[in-house]
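K.L.:
Starting off with a structure, shown below.
The values are calculated or read from the model by the stated rules, or taken from the named source; none is laboratory data. A quick note: this is a predicted structure, and the numbers were derived from the prediction, not measured. Cβ atoms come from the backbone with ideal geometry, glycine included; neighbour counts cover every protein chain shown. To get the accessible areas, we keep the full protein, side chains included, count just its heavy atoms, and leave off ligands, DNA and RNA. Shrake-Rupley method; radii C 1.70, N 1.55, O 1.52, S 1.80 Å.
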Amino acid sequence: MASLRDIKSRITSTKKMSQITKAMQMVSAAKMNRAEQNARAFVPYMEKIQEVTTSVALGAKDSNHPMLKSRPVKKTGYIVITADRGLAGSYNSNILRQVHQTIKERHKSNDEFSIIALGRVGRDFFKKRGMNVILDIVGLHDQPSFSDIKDFTNNAVNMFADGTFDELYLYYSHYVNAIKYDVTEKKLLPFGDLAANSGKLTSYEFEPSAEEILEVLLPQYAESLIYGAVLDSKASEHAARMTAMKSATDNANDIIHNLSLSYNRARQAAITQEITEIVGGAAALE
């Protein structure tokens, strides 16, 4: 059995650790609330730009824009959004597991795909496995603005436009609520299913021509989809970290409770032993 000093030392260190995890839980909760507001505030913009893009694209049925036309797939790009650090439960591992499994099922060679990594965890994961990470960004702010990732999204979309990829997929964690966030796969490019998601559209009159408008609008729409996924992922990340830190705090409290019981038992045993020795010594003197 451990000594009283050892048990007391473990209780003290565990209490300090629980204070740290509790503080991290509260910080993550505050960040999650703000990230959730950012993600929800971006939804009306996304819905509107999707409606406008769909209306213009369907109005120009003869458009030959490369983002609207499917082509033989020789190489696939995967945009994978993860965090820059751990301590977020299964947030990172769920995304990476699904992407890795999907790649293994779809491709026989590393030459058939490339990774575009947003987040240090994802970048390091694929590099360690010898997969081609063609573009990455790390150190993103907890509440990112579009300017923070503008160059990244622009480069990713241009890689499809210039033929580096023939299709582009987006993987991220979709925020549902504070305890639920689902790994989501979205085919980003080409936009082959705009008509399927059209719904009720507004009729627009536009100048100079649909082709020229689409030349500007389609890349912006694709970049907006990536940014929306980043906002969604940030809300999921903070929610996952808050949940993980709450679990760590609860576990620390359980350990403290069990150690306190052990400490009290050991102390009681020591006191009983001392009393027994005193009584035995007194009896020996009689």
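K.L.:
If a residue has to be over 10 Å from Met245 (Cα atoms), open to solvent by 60 Å² or more (accessible area, probe 1.4 Å) and not basic (Lys, Arg) to count, how many in region 13-26 make the cut?
P.N.:
Summing the residues that are over 10 Å from Met245 (Cα atoms), open to solvent by 60 Å² or more (accessible area, probe 1.4 Å) and not basic (Lys, Arg) in region 13-26 gives 3.
K.L.:
Can you pull out every residue in region 159-183 that is assigned to a strand (DSSP E or B) and either buried (at least 18 other Cβ atoms within 10 Å of the Cβ) or in contact with a helix residue (DSSP H, G or I) (Cβ under 7 Å, 6 or more places away or on another chain) (or both)?
P.N.:
Passing the criteria: Glu167, Leu168, Tyr169, Leu170, Tyr171, Tyr172, Ser173, His174, Tyr175, Tyr181, Val183.
K.L.:
Take region 2-44 and flag every residue that is touching a Ser or Thr at 6+ places or on another chain (Cβ under 8 Å) and aliphatic (A, V, I, L, M).
P.N.:
Ala2, Ile7, Ile11
K.L.:
Next question. Determine, yes or no, whether Asp136 is open to solvent by 10 Å² or more (accessible area, probe 1.4 Å), closer than 30 Å to Ser28 by Cα and charged (D, E, K, R).
P.N.:
Yes: the conditions hold for Asp136.
K.L.:
Ok, one more. Does region 197-220 include one or more residues that are under 30 Å from Ser28 (Cα atoms) and either modelled with pLDDT under 85 or open to solvent by less than 10 Å² (accessible area, probe 1.4 Å) (or both)?
P.N.:
The answer is no, given that none of the residues of region 197-220 is under 30 Å from Ser28 (Cα atoms) and either modelled with pLDDT under 85 or open to solvent by less than 10 Å² (accessible area, probe 1.4 Å) (or both).
K.L.:
Only residues that are charged (D, E, K, R) and assigned to a helix (DSSP H, G or I): list them for region 270-286, please.
P.N.:
Glu274, Glu277
K.L.:
Right, here's the next one. Is it true that Ser236 is closer than 29 Å to Ala83 by Cβ, in contact (Cβ under 8 Å) with a residue 24 or more places away in the chain, surrounded by 10 or more Cβ atoms within 10 Å (Cβ to Cβ) and out of contact with any helix residue (DSSP H, G or I) (no Cβ under 7 Å at 6 or more places or on another chain)?
P.N.:
Considered against the rule, which asks whether it is closer than 29 Å to Ala83 by Cβ, in contact (Cβ under 8 Å) with a residue 24 or more places away in the chain, surrounded by 10 or more Cβ atoms within 10 Å (Cβ to Cβ) and out of contact with any helix residue (DSSP H, G or I) (no Cβ under 7 Å at 6 or more places or on another chain), Ser236 comes out as no.
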